[in-house]
Amino acid sequence: MAWHTRDSRIVYDNRWISVREDAVTGPAGDGIYGVVTLKHPAVFIVALDQDDRVCLVTIDRYTTGRSVEVPAGGSDGEDPLIAARRELREETGLEAQEWTPIGTMNALNGVTVAPEHVFLARGLHQAGDSAHSRAEEGIDQVAWVPFSEALEMVADGRISDGETVAALAYAGIRLGRFR
């Protein structure tokens with residue numbers, strides 16, 4: 001059975017998200033569905049150095065607390081690659097010579113419309129001090145972790161951010177680590 005939207009209304013809106021409430025008819029009958037729409041796609045960067053280490057940031061999230069993640073952020077309406085370059089520099093002070101798009105995904109697709117783009121960044125070099133940007137974002141630490149250890153961090157729960165888990169999976173697939 002296809003979903004049918006009988007009515008829709010915006011219940012909250014700001015420059016980043018819109019929240020709407022839909023009156024729907026679905027497989028279980030009539031009901032109400034809440035949908036969060038991100039106004040611009042997000043980007044996630046798996047930055048991998050010449051020693052096969054992944055750059056991870058530790059950030060304090062308002063919603064979930066302390067979290068270990070790959071560098072990421074909103075595109076603010078710009079091209080995803082431009083946004084990825086900006087986010088990597090803001091969060092880590094790094095620039096990359098080689099950028100490879102490795103996947104697209106939708107976060108929490110049961111309740112959100114949130115397109116996300118994942119990039120593999122290589123040929124890294126320090127481009128400046130990002131301490132001010134990191135402080136504004138709530139980033140406590142930037143660390144380099146062997147790719148295999150990052151996967152162990154997913155397995156044992158030290159990395160629990162869903163988008164970081166998915167970004168590392170995309171990178172692992174692209175790099176042939178799961179065969």
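The values are calculated or read from the model by the stated rules, or taken from the named source; none is laboratory data. What you see is a predicted model, and the numbers here were worked out from it, not measured in a lab. Methodologically, a virtual Cβ is constructed for each residue, glycine included, from the backbone with ideal geometry; neighbour enumeration extends over all protein chains shown. Surface accessibility is based on the protein's heavy atoms, side chains included, excluding ligands, DNA and RNA. Shrake-Rupley method; radii C 1.70, N 1.55, O 1.52, S 1.80 Å.
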Notebook entry, point to check: What residue, of Ala83, Ala72, is in contact (Cβ under 8 Å) with a residue 60 or more places away in the chain, buried (at least 20 other Cβ atoms within 10 Å of the Cβ), touching a strand residue (DSSP E or B) at 6+ places or on another chain (Cβ under 9 Å) and farther than 15 Å from Gln126 by Cβ?
Noted result: Ala72
Notebook entry, point to check: Mind checking which residues of the range 120-136 are modelled with pLDDT of 95 or more and surrounded by 19 or more Cβ atoms within 10 Å (Cβ to Cβ)?
Noted result: Leu120, Ala121, Leu124
Next item on the list: State whether the residues of the range 40-58 include one that is touching a Lys or Arg at 6+ places or on another chain (Cβ under 7 Å) and modelled with pLDDT under 95.
Entry: no
Next item on the list: Examine the range 14-22 for a residue that is open to solvent by less than 90 Å² (accessible area, probe 1.4 Å), over 21 Å from the mean Cα position of the chain (by Cα) and closer than 30 Å to Ile82 by Cβ, and state whether such a residue exists.
Entry: yes
Margin query: Restricting to the range 126-155, and then to whatever is part of a helix (DSSP H, G or I), in contact (Cβ under 8 Å) with a residue 40 or more places away in the chain and of a type in the set (A, V, I, L, M), can you tell me which residue is farthest from Arg53 (Cα to Cα)?
Written below: Met153
Checklist line | Residue satisfying condition, being out of contact with any Gly (no Cβ under 8 Å at 6 or more places or on another chain), assigned to a loop (DSSP other than H, G, I, E, B) and either surrounded by 13 or more Cβ atoms within 10 Å (Cβ to Cβ) or in contact (Cβ under 8 Å) with a residue 60 or more places away in the chain (or both), within set Arg179, Arg158 | finding: Arg158
Checklist line | Any chance Ala96 is of a type in the set (A, V, I, L, M, F, W, C), modelled with pLDDT under 90 and either open to solvent by 70 Å² or more (accessible area, probe 1.4 Å) or more than 15 Å from the chain's Cα centre (by Cα) (or both) | finding: no
Next item on the list: Test Ala107 against the criterion of being at pLDDT below 95, among the small types (Gly, Ala, Ser), under 25 Å from Arg134 (Cα atoms) and open to solvent by less than 20 Å² (accessible area, probe 1.4 Å), and give yes or no.
Entry: yes
